[in-house]
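Structure first, commentary second.
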Amino acid sequence: MTEPNPFRVENCSIERTLAVVGEKWTFLVLREAFNGVRRFADMQAGTGAPRQVLSARLARLVEEGLLRKVPYREPGSRRRDEYRLTQKGLDLYPIMVSLMHWGDRYEADPDGPPVVLTHRDCGSPIEIALRCADGHEVPSPREVTPRLGPGARLAG
C-alpha cells in the first residue's frame, strides 16, 4: 500500500491558481491581452468565444485583478471599456510562454509552431529556464526537492 503524499496541502497554490485561470477561454483571453488586444470585439474575433462566454471571462479576470477596465470613447459612439493587464496578470506571462513552448514541442503542425517569440532588442528566440535563488539552472524536475512552506496546512 502506498503512503499518501505528505505534501498534499489543503491550501495548494496550484489548485487555487487553476480556480482562477484553469479554463480554455480564460487562457485564450489572456493570450489576446498579452498580444496587445484590448477591446471586446477584437478579443471575440481573436478567441472565437461566444459573446456571453467572453463577457463572463472578462468579468472574472477583472474581479480577480488580472485585468482592469479602462474607459474609452470613439467619436460619435457611447463609452466602452478596454481591458488591460495588471501586474498580477503580467506575472502570468512565464506560464503562458511555458504552455506555448510545450504546445510547440508536442502539438504543433509538422511545419512547426505558428508563432515564435523573440527578444525585441536582439531578435533571439525566448526561452524559459528554471533557476534556484542562487542562480543555478535547474534542468529537470528530478533536481527539485519539495519542502513544506511556512503557510502549509496539511490535508488530513
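Considering the zone a paramagnetic label at Tyr93 would reach in this model (a point 7 Å from Cα along the Cα-to-Cβ line), which residues of region 37-68 have amide N under 18 Å from it?
Taking a point 7 Å out along Cα→Cβ of Tyr93, the residues of region 37-68 whose backbone N falls under 18 Å are 37-38, 66-68.
Roughly how many percent of the accessible protein surface of region 31-156 is carbon and sulfur, given a 1.4 Å probe and a whole-percent answer?
That share works out to 50 percent.
Stick to Cα atoms and the Kirkwood definition of Rh, then tell me Rg/Rh for region 102-156.
1.15
Using the beta-carbon distance between Ala45 and Cys12 and R0 = 35 Å, what value does 1/(1 + (r/R0)^6) give for FRET efficiency, to the nearest 0.05?
FRET efficiency, Ala45 to Cys12: 0.45.
What translational diffusion coefficient, in µm²/s and rounded to a whole number, does the Stokes-Einstein relation yield for region 1-84 at 37 °C and a viscosity of 0.692 mPa s, taking the hydrodynamic radius as the Kirkwood radius over Cα pairs?
224 µm²/s
Given Cβ point charges of +1 (Lys, Arg) and -1 (Asp, Glu) and nothing else, what value in debye, to the nearest 20, does the dipole of the chain about its Cα centre take?
Roughly 920 debye, rounded to the nearest 20.
What length, rounded to one decimal in nm, is gained on full extension from Ile128 through to His101, with 0.36 nm per residue of separation minus their alpha-carbon distance?
The Ile128-His101 span can extend by a further 8.9 nm.
For the chain, what Kirkwood radius comes out of the mean inverse Cα-Cα distance, in Å?
18.7 Å
Over the chain, what is the relative contact order in whole percent, taking alpha-carbon pairs under 8 Å and six or more residues apart?
24 percent
How much accessible area per residue does the chain have, counting only protein heavy atoms and a probe of 1.4 Å, in square angstrom?
Accessible area per residue: 77 Å².
To the nearest 500 deg cm²/dmol, what mean residue ellipticity at 222 nm is calculated for the chain from DSSP H runs of n ≥ 4 alone, each contributing -39,500 (n - 2.57), summed and divided by the residues?
Calculated from helices alone, the mean residue ellipticity at 222 nm is -11000 deg cm²/dmol.
The values are calculated or read from the model by the stated rules, or taken from the named source; none is laboratory data. For clarity, every value in this text was computed on a predicted model and none was experimentally measured. Please note: Cβ atoms are built from the backbone with ideal geometry, for glycine as well, and neighbour counts cover all protein chains shown. These area figures cover heavy atoms from the full protein model, side chains too; ligands, DNA and RNA do not enter into them. Shrake-Rupley method; radii C 1.70, N 1.55, O 1.52, S 1.80 Å.
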